[in-house]
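The values are calculated or read from the model by the stated rules, or taken from the named source; none is laboratory data. The structure displayed is predicted, hence computed values, not measured ones. Positions of Cβ are backbone-derived with ideal geometry, glycine not excepted, and every protein chain shown enters the neighbour counts. Heads up: the accessible areas ignore ligands, DNA and RNA and are worked out on the full protein's heavy atoms, side chains in. Shrake-Rupley method; radii C 1.70, N 1.55, O 1.52, S 1.80 Å.
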Amino acid sequence: MGFLVLRITSPFEKGDGGGFLKERKNALKLETRDFGQVEIDETRVITMPAGMPGFPGLGRFIILEREETRPFLWYQCVDDPGLAFVIINPNLFRPDYLVDLGAALRDMSWRDDKEEDLLVYVIVNASEGVPEKITANLIGPIVINTSKKEAAQLVITGSPYSHKQLVFQSS
Amino acid sequence: MLVLTRKVDECINIGDDVVIKVIGIDGMQVKLGIDAPGNVRVLRREVYEKIRDENIRSAKGNTSAFAKAVELFKEQEHTPK
């Protein structure tokens, strides 16, 4: 993969969307699955106390954003360079998609935090290699608590949502 | 596998923080109540497996589809609804 302008974004800063890494103070060199070595701000690392099903013991992630792959974001594991997910804001293709954030706050012991502190992303599956077959897992969203810098993969049961929702509806 | 016998309203502790209580029994169905801290994921096994398997499939690095997918998104943005 050639030269890439890598934008390290943080959901924790408003305004410029995180921007490029300006301060070197907290800089951390990180090997990534798809972008080689990048420099990240370690204050932007997100911890998942319960990890993700299928990947026990791997609980630290960072969001990487590239201009040319927006609106897709990379959810890169900090503990294992070989592990990364592609995530997206579900409302970009399912404006009606809703997660019960009140329940998430309760279940995650995030009782002090507000729903406005939470960001919801869904994991994208592009294993078929063609855009028309890209699906998103709507029953296992990743909810990020921006004030605690924690995240959890919620599991939404008893909902009409699919774990293999096509991102691009054929028209 | 540890096998324990419990009556309705009796509990099992797992570690210090996880409590499983038998709420009721109806024929072949057992209703359980589970108290666990937020960092312990409690799921029906088949749901857990579905999420786990989809996570594993999604983590397989196949980024070839994204360049065109980004284009599709841009087209949709310019298409009047």
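In the stretch A:131-155, which residues are in contact with a strand residue (DSSP E or B) (Cβ under 8 Å, 6 or more places away or on another chain) and of a type in the set (A, V, I, L, M, F, W, C)?
Once the filter is applied, which keeps residues that are in contact with a strand residue (DSSP E or B) (Cβ under 8 Å, 6 or more places away or on another chain) and of a type in the set (A, V, I, L, M, F, W, C), the stretch A:131-155 yields A:I134, A:A136, A:L138, A:I142, A:V143, A:I144, A:A151, A:A152, A:L154, A:V155.
Here's a check for you: in the stretch A:120-139, which residue that is facing chain B (nearest Cβ under 8 Å) and small (G, A, S) is surrounded by the fewest Cβ atoms within 10 Å (Cβ to Cβ)?
Across the stretch A:120-139, the extreme among qualifying residues is A:G129.
Within the stretch B:4-23, is even one residue over 25 Å from the mean Cα position of the chain (by Cα), more than 14 Å from chain A (Cβ to nearest Cβ), among the basic types (K, R) and open to solvent by 90 Å² or more (accessible area, probe 1.4 Å)?
Within the stretch B:4-23 (the criterion being over 25 Å from the mean Cα position of the chain (by Cα), more than 14 Å from chain A (Cβ to nearest Cβ), among the basic types (K, R) and open to solvent by 90 Å² or more (accessible area, probe 1.4 Å)), the answer is yes, since at least one residue qualifies.
Just checking, which of A:V155, A:V78 is under 16 Å from the mean Cα position of the chain (by Cα) and over 22 Å from B:R45 (Cβ atoms)? Give the derivation first.
On the way: A:V155 fails: over 22 Å from B:R45 (Cβ atoms).
After applying the criteria, what remains is A:V78.
State which residue pairs qualify: first residue within 14 Å of A:W74 (Cα to Cα) and inside the stretch A:23-36, second residue modelled with pLDDT of 90 or more and loosely packed, with under 13 Cβ neighbours inside 10 Å in any location, beta carbons under 6 Å apart, and separation of 6 or more residues or different chains.
Matching pairs, first to second residue: A:E31/A:Q37; A:R33/A:G82.
For A:E150, indicate whether it is within 16 Å of the chain's Cα centre (by Cα) and either more than 10 Å from chain B (Cβ to nearest Cβ) or open to solvent by 70 Å² or more (accessible area, probe 1.4 Å) (or both).
Working: within 16 Å of the chain's Cα centre (by Cα): yes; either more than 10 Å from chain B (Cβ to nearest Cβ) or open to solvent by 70 Å² or more (accessible area, probe 1.4 Å) (or both): no.
No, not satisfied.
Yes or no: B:V42 within 12 Å of chain A (Cβ to nearest Cβ) and among the hydrophobic types (A, V, I, L, M, F, W, C)? Walk me through it before giving the result.
Values: within 12 Å of chain A (Cβ to nearest Cβ): yes; among the hydrophobic types (A, V, I, L, M, F, W, C): yes.
Against the criterion (within 12 Å of chain A (Cβ to nearest Cβ) and among the hydrophobic types (A, V, I, L, M, F, W, C)), B:V42 qualifies.
Tally time: how many residues in the stretch A:66-119 are surrounded by 13 or more Cβ atoms within 10 Å (Cβ to Cβ), over 29 Å from B:A65 (Cβ atoms) and more than 9 Å from chain B (Cβ to nearest Cβ)?
6
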